[in-house]
Amino acid sequence: LFSETLCSLTLEAEAGDKVTIWCEHDPTVANQIFWFKQTSDSVPLRLGCKQFFKKSPAKTCYFFTESERIMMSVYPKNTSLTITAVNVSDTGLYYCSYSEEIIFSNSTSLRVKGKNISEDKATGKNTNISEEKATGSDSPAVFFRLSVGFGALSVIFLSVLIFIILKHKKKSQ
């Protein structure tokens, strides 16, 4: 089984901000909860996985290694994904899934403005890295507009062509 919910929330953040994204899940069917990130030019990337237990705390899935910058928390009816010091590269569509049946819950579109911030492990200082990234967040809207525009032009062209053919047939009779 597979089900999904379209984007239900859009967040904007500045580079360096801390962002928390929430997702509801059904505690009666959830045994594993996953977080994914997807961009217009990539397949979904798994960001987190927790094994969910009704009477004990959630544990990180045995096949997944947690990131220091991206942390996942699980509560009885919802889960959160916290990204500390977001970068422009964190821009994308985030969603969680749960259960063995892969049920996708609410999704959140995150757009990060500004420069990427990188921490130098040796000195502990933050460094700004200038990056302009085309996120593709406008792609669906542009595609829709172009589709409607070309569709309308096709209908007009086809109507004119049919009119000319019918007019030509009438003259030849």
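The values are calculated or read from the model by the stated rules, or taken from the named source; none is laboratory data. These figures come from a predicted structure and were not determined experimentally. Note that each Cβ is placed from the backbone with ideal geometry, even for glycine, and that neighbours are counted across all protein chains shown.
Does the range 44-67 contain at least one residue that is surrounded by 14 or more Cβ atoms within 10 Å (Cβ to Cβ), modelled with pLDDT of 85 or more and acidic (D, E)? Taking every residue of the range 44-67 in turn, none turns out to be surrounded by 14 or more Cβ atoms within 10 Å (Cβ to Cβ), modelled with pLDDT of 85 or more and acidic (D, E). Filtered by the rule that a residue be of a type in the set (A, V, I, L, M), within 27 Å of R111 (Cα to Cα) and in contact (Cβ under 8 Å) with a residue 24 or more places away in the chain, the range 32-69 gives I33, L47.
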